[in-house]
Amino acid sequence: MTAYKSKMVERIHLPAREEREANLEAAGYNVFNLDSDSVFIDLLTDSGTGTMSDQQWAALIRGDESYAGARSFHNLESAVEDVMGFPYVVPAHQGRGAENILYGALVDEGDTVLNNTHFDTTRAHIANQGADPVDCPVPEARDLDAEGDFKGNFSIEEGRKVVEEVGAENVPAVVLTITNNSAAGQPVSVENTREVREFCDEIGATFVLDACRFAENAYFVTQREAEFTDSSVAEVAREQLSYADAAVMSGKKDGLSNIGGFVACNDETLFEQVKQRGILYEGFATYGGMSGRDIEALAVGLREAVEEAYIADRVGQVQYLGQLMAEEGLPVFQPIGGHAVYLDAGEFFPHIPAEEFPGQALVCELYREGGVRCVELGSFAFPDSDRPELVRMAVPRRTYHKEHIEHIVETAKEVWAHREEVTGLEITKEPEMKEIRHFTAELEPRA
Ligand SMILES: *Cc1c(COP(=O)(O)O)cnc(C)c1O
């Protein structure tokens, strides 16, 4: 049951089939090149694409645009302290800005940083410091069909192996990403968080939580971890975050806003270092690249993110989409994560080899069939890796209704029904940097 009614609407439009066909061709069979006006349901990302509440819109008016000492910043500080428990906050324009100012302070050239799984911008920032980002997921994270309540967990065993190799003195930080975005949005248990805390104490590392989806993670904990079935989402969030020394946050995720981010921490020395870098790269320490309006919206959004009605509705909608898909016999990654449903394009198109990008073929078919825009996370986005051919359907927060969810499922069913006729693609144009080719490369269908 939904906890919302609409107060404002935005017109959307499903272009005719011939138009969709022409749009795809004009976009070089890359949906990043599509105009959003020609997309009916946009599942490209849930980052900054959600709907703000009436309370957030009202808060915008209160935005204090003062350069220094803005009241809005103090409201954000209070929200971070109340919801997340950290006394020190350095604002940033979005999550990656927060990563830049934190990891620049913590990590030196030649270091190694451990993470359950580095999110792509995190990996890039660690590498940008001249350090080595190493993933330590639990083994079941790699297995598409493995059951498991907490497939996002950090493997202490893997972490220990790496530390033995490189030496504890070269591991300044261990990061725990909740939920584990790059591992299909799977949650991390509080028990695992405690183990990572002990591990950090043992090797003398700073414990950083990548808290972008901390509320979704806390919701899963209340559903799945025996110790917390009677706790509120807000209580679990506080408990889980309490084990970390610092957190990086993207306001575009569980901040329920369209832009913004911050670093939060407990240690005054680290705070000072991050703050100075924030002034250098983001903006003065009481706005950090955000307008006062954005800061107000984020302060309200953080509090809303841990409200039971919101988070049950949010995760429930993603679960509903995944369950409908699974009931129709469509190949989806199990268990369903907090923000997205992942389809296995390898199962849709066993006749299309990795060099012809089965995931991208599925993305194109979903648009052609129903105007639904998703994103490929397989051999096209990650060249030279042996990742499964995944297609992600990320659900924006508080945005789509049951009818939209049903349309998505109908669309996927149509594609499944004619899956044998679908052909692969080849790249006709690509940028020099292979790692980011999926954003701009152009393709065409194989004859
Ligand atoms: C989105 C995200 C980031 C980066 O945040 P942006 O606001 O997109 O810059 C970092 N880590 C995780 C886990 C994320 O989901």
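The values are calculated or read from the model by the stated rules, or taken from the named source; none is laboratory data. It should be emphasised that the depicted structure is a prediction, and the values quoted were computed from it without experimental measurement. So basically every Cβ, Gly included, is an ideal-geometry build from the backbone, and we count neighbours across all protein chains shown. When the accessible area is computed, the model is the full protein with side chains, heavy atoms only, and any ligands, DNA or RNA have been set aside. Shrake-Rupley method; radii C 1.70, N 1.55, O 1.52, S 1.80 Å.
Quick notes on this structure:
Results for (1) closer than 24 Å to Tyr320 by Cβ; (2) open to solvent by 70 Å² or more (accessible area, probe 1.4 Å), shown as yes or no for each residue.
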{"site": "Val9", "(1), (2)": "yes, yes"}
{"site": "Ala16", "(1), (2)": "no, no"}
{"site": "Glu21", "(1), (2)": "no, no"}
{"site": "Leu24", "(1), (2)": "no, no"}
{"site": "Gly28", "(1), (2)": "no, no"}
{"site": "Ser38", "(1), (2)": "no, no"}
{"site": "Asp46", "(1), (2)": "yes, no"}
{"site": "Gly50", "(1), (2)": "yes, no"}
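- Elements of type helices (runs of 4 or more DSSP H) in the range 264-377, at least 1 residues being within 20 Å of the chain's Cα centre (by Cα) and free of Cβ contacts under 8 Å to residues at least 12 places away in the same chain: 308-327
- Within the range 53-73, not a single residue is under 19 Å from the mean Cα position of the chain (by Cα), part of a loop (DSSP other than H, G, I, E, B), buried (at least 18 other Cβ atoms within 10 Å of the Cβ) and not β-branched (Val, Ile, Thr).
- Odd one out for Thr179 among (1) surrounded by 19 or more Cβ atoms within 10 Å (Cβ to Cβ); (2) more than 14 Å from the chain's Cα centre (by Cα): (2)
- Residue in the range 271-281 that is among the aromatic types (Phe, Trp, Tyr) and open to solvent by 40 Å² or more (accessible area, probe 1.4 Å) present: yes
- Selection status of Thr222, open to solvent by less than 50 Å² (accessible area, probe 1.4 Å), over 20 Å from the mean Cα position of the chain (by Cα) and over 20 Å from Tyr88 (Cα atoms): yes
- Positions within the range 391-408 being closer than 22 Å to Glu10 by Cβ and either in contact with a Phe, Trp or Tyr (Cβ under 9 Å, 6 or more places away or on another chain) or aliphatic (A, V, I, L, M) (or both), in sequence order: Met393, Ala394, Val395, Arg397, Arg398, Lys402, His404, Ile405, His407, Ile408
- Matching option when the condition is closer than 19 Å to Glu282 by Cβ and in contact (Cβ under 8 Å) with a residue 12 or more places away in the chain, among Ser66, Ser78, Ser155: Ser66
- Summed over the range 215-262, the residues that are assigned to a loop (DSSP other than H, G, I, E, B), within 17 Å of Thr179 (Cβ to Cβ) and more than 15 Å from the ligand (Cβ to nearest atom) give a count of 2.
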